[in-house]
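> Sharing a structure here in structure tokens format.
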Amino acid sequence: MTDTKSEIAWKSLNDRIEAIQTGGYPTPIRQYLDEIHGKERFEWGNDRDQTYNYIRKQYPDERSSVLYALYVAYSFYLEDIEALELDSSRTGYEKLKKREEIRDHFFRGKLKEIIFPPHPSQKVEEFVLFAEDYVQKQPLTFSNERKRKFQMIRNEIFKSDSYEVRKWETSKTKKQILTLIFQRELSLMGDIEKTHFLEAKLREEEAGHFWN
């Protein structure tokens, strides 16, 4: 942290984790930080002093110091994320993993969960991005090899939350995965044959037989 207004609060932030969840702080806190960032960037000409004064006016007690410390860290985080999104050399999966590294760098443990609460749909997204990344890097693999690899990674990503995560797999995401697995076979089919093939595989997947 390089902002002197936030250094002390940041150093003692771990002592306030529970208070952030129960002590009258804005919720969801990430939405609040995004709103402040938008104001600082588009209304206040990136004037950090205006940001500090705005937060102090809203929360005149110690919460302002905590929120400001969080905001400064979050603004640095967003800078790194913006640079990452502009990096065309990385695949979507590589960006996802790097994004997680950046979050871990700025926000550790419970604090990261407060700002970025986990959701089952994120694991579905991770699986799809992994599959796309794998096929892009291993274009010559056959469907049986892809299916084995995808199943192994799917089990790793979904883990003990498998039932809850599967509820967030939509027909669209399932079709994406099937299309990636059977890319070679589909490339040899006409449009109608492709449709029938994917519909049959999708029925098999939704019946719970495909990954067994």
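> Look at the range 109-136 and say how many of its residues are within 29 Å of LEU70 (Cβ to Cβ) and assigned to a helix (DSSP H, G or I).
Total satisfying the criteria: 15.
> Pairs please, first residue from the range 146-171 and over 17 Å from GLU132 (Cα atoms) and in a loop (DSSP other than H, G, I, E, B), second anywhere and modelled with pLDDT of 90 or more and of a type in the set (A, V, I, L, M, F, W, C), Cβ atoms under 8 Å, 6+ apart in sequence or on different chains.
TRP168/VAL124
> Condition first: in a helix (DSSP H, G or I) and among the β-branched types (Val, Ile, Thr). Can you find one or more residues in the range 93-102 that meet it?
Step one: filter the range 93-102 for residues in a helix (DSSP H, G or I), giving 93-102.
Then keep just the ones that are among the β-branched types (Val, Ile, Thr); that gives 102.
Yes, because at least one residue in the range 93-102 is in a helix (DSSP H, G or I) and among the β-branched types (Val, Ile, Thr).
> Looking at the structure I just gave you, is ARG203 at pLDDT below 95 and open to solvent by 80 Å² or more (accessible area, probe 1.4 Å)?
Details: at pLDDT below 95: yes; open to solvent by 80 Å² or more (accessible area, probe 1.4 Å): yes.
Yes, satisfied.
> While we're here: Go through the range 172-204 residue by residue and tally those that are among the aliphatic types (A, V, I, L, M), farther than 17 Å from PHE127 by Cβ and assigned to a helix (DSSP H, G or I).
Of the residues in the range 172-204, the ones among the aliphatic types (A, V, I, L, M) are 177-178, 180-181, 186, 188-189, 192, 198, 200, 202.
Then drop every residue that is not farther than 17 Å from PHE127 by Cβ, which leaves 186, 188-189, 192, 198, 200.
Now narrow it down to the ones that are assigned to a helix (DSSP H, G or I): 186, 192, 198, 200.
Total meeting the criteria: 4.
> Any residue in the range 109-118 that is surrounded by fewer than 16 Cβ atoms within 10 Å (Cβ to Cβ) and under 23 Å from LYS174 (Cβ atoms)?
Checked against the condition, which is being surrounded by fewer than 16 Cβ atoms within 10 Å (Cβ to Cβ) and under 23 Å from LYS174 (Cβ atoms), the range 109-118 yields at least one hit.
> Determine, yes or no, whether ILE102 is farther than 30 Å from THR27 by Cβ, free of Cβ contacts under 8 Å to residues at least 60 places away in the same chain and surrounded by 13 or more Cβ atoms within 10 Å (Cβ to Cβ).
On the way: farther than 30 Å from THR27 by Cβ: no; free of Cβ contacts under 8 Å to residues at least 60 places away in the same chain: yes; surrounded by 13 or more Cβ atoms within 10 Å (Cβ to Cβ): yes.
Considered against the rule, which asks whether it is farther than 30 Å from THR27 by Cβ, free of Cβ contacts under 8 Å to residues at least 60 places away in the same chain and surrounded by 13 or more Cβ atoms within 10 Å (Cβ to Cβ), ILE102 comes out as no.
> For the range 20-70, give me the residue count where each residue is open to solvent by less than 50 Å² (accessible area, probe 1.4 Å), part of a helix (DSSP H, G or I) and without any contact (Cβ under 8 Å) to a residue 40 or more places away in the chain.
Adding up the residues that qualify gives 7.
> I would also like to ask the following. Can you pull out the residues in the range 71-91 that are charged (D, E, K, R), assigned to a helix (DSSP H, G or I) and without any contact (Cβ under 8 Å) to a residue 12 or more places away in the chain?
Let us first name the residues in the range 71-91 that are charged (D, E, K, R), namely 79-80, 82, 85, 87, 90.
Next cut, assigned to a helix (DSSP H, G or I) only: 79-80, 82, 85.
Within the range 71-91, GLU79, GLU82, GLU85 qualify.
> List, please: which pairs have Cβ atoms under 9 Å, are six or more places apart or on different chains, and start with a residue in the range 129-142 that is under 16 Å from GLN176 (Cα atoms) and end with one that is at pLDDT 95 or above and in a loop (DSSP other than H, G, I, E, B)?
Going by the 9 Å Cβ cut-off, the qualifying pairs are LEU129/THR91; GLU132/THR91; ASP133/THR91; TYR134/THR141; VAL135/THR141; GLN136/THR91.
The values are calculated or read from the model by the stated rules, or taken from the named source; none is laboratory data. The structure presented is a predicted model; accordingly, all values stated were derived computationally and were not measured. Cβ: placed from backbone, ideal geometry, glycine included. Neighbour counts: every protein chain shown. SASA here: full protein model, heavy atoms, side chains in, ligands and nucleic acids out. Shrake-Rupley method; radii C 1.70, N 1.55, O 1.52, S 1.80 Å.
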